[in-house]
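Let me begin by presenting the structure, written as structure tokens, before commenting on it.
Just so it is clear, none of the values below were taken in a lab; they were calculated from the coordinates. Please read all numbers here as calculations on a predicted model, not as lab measurements. In this analysis, Cβ positions are derived from the backbone assuming ideal geometry, glycine residues included, and neighbour counts consider all displayed protein chains.
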Amino acid sequence: MSDIQQRGFLSSELEEQKRLARSQFAAQFRACELWSERAVGMLNQLSLDGKAAAFLFAAGFWIRCVRSCQGGILLAEMGMVPDALTLARSAVESLFHAVALVRKPELVQRLVEQDQLEQGKQANGMLAIPTITAHLTPEVRQEIQTMIDSRPEKLRSFGAYEAAKAADLVELYETMYRGFSRSGAHSTLYALNHEFVEEADGSITPNFGPCYDDVPWVLEMLGECLKIGLSRLTVDLT
């Protein structure tokens, strides 16, 4: 039994797997990393002092986007394709919000309300579960209830689709975002494609180790996300 079979992705053998992947897909890694380097260069040019909230939040979402893309590159190098797709989805969602805010700064209020909505859902959910409230002091329960009662009555949601629409990036929502959700981020049957291997004798075994089947495509998608972000945000954020 190999060390990878015994230790999975924590195996010391993974370094050799990463080296082989870098060799096999050298052109794809380089192309993607060039966009990453340009994105990081843009981050280094950000001037945040004295900027309005919408600008700061847009910059923050772009930082999240770039970081998620870099994380996806590292996971692709390790042969962790579904996990790379999960980060790719996060990157695209952050891109929607960054571009939406530079195009329509007034959307800051919608983001505030969305945060209040989610906070309220969590608070109501916690207070509804006796096994949770049993661990809360009366003071903490009252604090949570006060927070719930103090929220505005009519809060507007602002999800990924609304952000993509405001950013004029609905095409990416329907392709990348939905695709990455189904194939990586969400618990779907399709996302299980990487989890098993059919052996020559027809038996099924777990596929818990590096798999590089879709790495070129993943790197292309990560590079495309960075490329679009640079084209849509460079002028407004630097």
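What to note about this one:
- The criterion of at least 2 residues that are closer than 16 Å to W217 by Cα and either of a type in the set (F, W, Y) or touching a residue at least 24 places away in the same chain (Cβ under 8 Å) (or both) is met by the following helices (runs of 4 or more DSSP H) wholly inside the stretch 1-52: 14-24, 26-43.
- Residues in the stretch 146-189 that are of a type outside the set (D, E, K, R), exposed (fewer than 12 other Cβ atoms within 10 Å of the Cβ) and part of a helix (DSSP H, G or I): T146, S150.
- Top-ranked residue in the stretch 41-55 [being surrounded by 14 or more Cβ atoms within 10 Å (Cβ to Cβ) and of a type in the set (A, V, I, L, M); ranked as nearest to L230 (Cα to Cα)]: M42
- Candidates Q109, Q114: the one that is surrounded by 14 or more Cβ atoms within 10 Å (Cβ to Cβ), polar (S, T, N, Q) and within 30 Å of K51 (Cα to Cα) is Q114.
- The stretch 56-93, subset hydrophobic (A, V, I, L, M, F, W, C) and not in a helix (DSSP H, G or I), residue surrounded by the most Cβ atoms within 10 Å (Cβ to Cβ): M80
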